[in-house]
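The values are calculated or read from the model by the stated rules, or taken from the named source; none is laboratory data. No experiment lies behind these values; they were computed from the predicted model shown. Every residue, glycine among them, receives a Cβ derived from its backbone with ideal geometry; neighbour counts consider all protein chains shown. Keep in mind that these areas ignore ligands, DNA and RNA; they rest on the heavy atoms of the full protein, side chains included. Shrake-Rupley method; radii C 1.70, N 1.55, O 1.52, S 1.80 Å.
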Amino acid sequence: GTFGVTQDTTLSGITSVANTTDSTSISTGALITTGGVGITKNLNVGGAAAIAGAMSVTSVTDSTSSSTGAFTTSGGVGIAKNLNVGVDASIGGNVIVTGDSTLVGDVSVSSETQSTSISTGSLVTAGGVGITKALFVGEGVDVGGNLSVTGTTTQSAVVTITDATESTNANNGSLVTA
């Protein structure tokens with residue numbers, strides 16, 4: 001039958017519910033409450049946990065690795081909406097971004113991998129690069145296609161042209177000027 005309690009109740013021993021009815025909503029399962037639940041110590045859930053409202057973790061434990069911090073998981077995390085990180089984000093594996101990205105602050109790449117082709121180096125892109133302001137290059141520049149300069153060019157070192165195309169008129173050859 002039904003056992004009803006209408007006053008405050010304190011249970012000092014271990015309380016077990018032998019019913020094995022699974023929960024598929026807030027109104028089904030072996031234990032149902034219409035009020036909140038306050039738990040002083042650990043909560044262990046053997047199956048999935050579905051949380052319909054906001055979840056808050058109030059621990060301020062800092063994270064120094066993938067296995068430390070206020071919230072840790074041994075599996076992946078799927079996030080359908082925005083992710084906001086208040087301080088640093090440290091990622092141990094690759095970052096794969098499938099949509100457009102906007103970086104508001106400075107970007108620094110600390111890898112020192114030398115580039116020897118269009119597919120090697122610390123920063124490799126399959127598309128073009130648009131740069132609004134100045135570009136400074138510490139070592140050589142290899143251009144595989146045409147080089148177009150629309151502003152003034154200042155050369156402070158020797159220019160070597162290795163193309164040996166012979167000129168047959170004023171419009172062809174290794175070096176053509178306007």
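Brief remarks on what is shown
- Hypothetical label at I161: residues of the stretch 123-141 whose amide nitrogen lies under 14 Å (7 Å Cα-Cβ projection): none
- Spread of Cα-to-Cα distances over 10 Å intervals beginning at zero, given as percent, for the stretch 97-178: 9, 35, 33, 14, 8, 1
- When the charge dipole of the chain is built from unit charges on Cβ atoms (+1 for Lys and Arg, -1 for Asp and Glu) and taken about the Cα centre, the candidate among G92, G53, S108 whose Cα reaches farthest toward its positive end is G53.
- In angstrom, the C-alpha Rg and Dmax of the stretch 85-132 are 13.2, 38.
- Using a Förster distance of 41 Å, the FRET efficiency for N42-V97 (Cβ separation, nearest 0.05): 0.65
- Reducing the stretch 51-93 and the stretch 153-178 to their Cα centroids gives an inter-centroid distance of 59 Å.
- Per residue, in Å², the accessible surface of the stretch 129-178 once ligands and nucleic acids are set aside, probe 1.4 Å: 102
- Principal axis dimensions, the stretch 1-103 - Cα atoms, whole angstrom, descending: 62, 27, 21
- Choice from T168, T34, T102 with maximal GNM fluctuation in the chain (Cα, 10 Å cutoff): T168
- In the chain, the inverse of the mean reciprocal separation of distinct Cα atoms equals 25.6 Å; this is its Kirkwood hydrodynamic radius.
- Value of Rg to Rh for the stretch 47-117 (Rh from inverse mean 1/r over Cα pairs, i.e. Kirkwood): 1.02
- Here the dipole of the chain is about 600 debye; that uses its Cα centre as origin and unit charges on the Cβ of Lys and Arg (positive) and Asp and Glu (negative).
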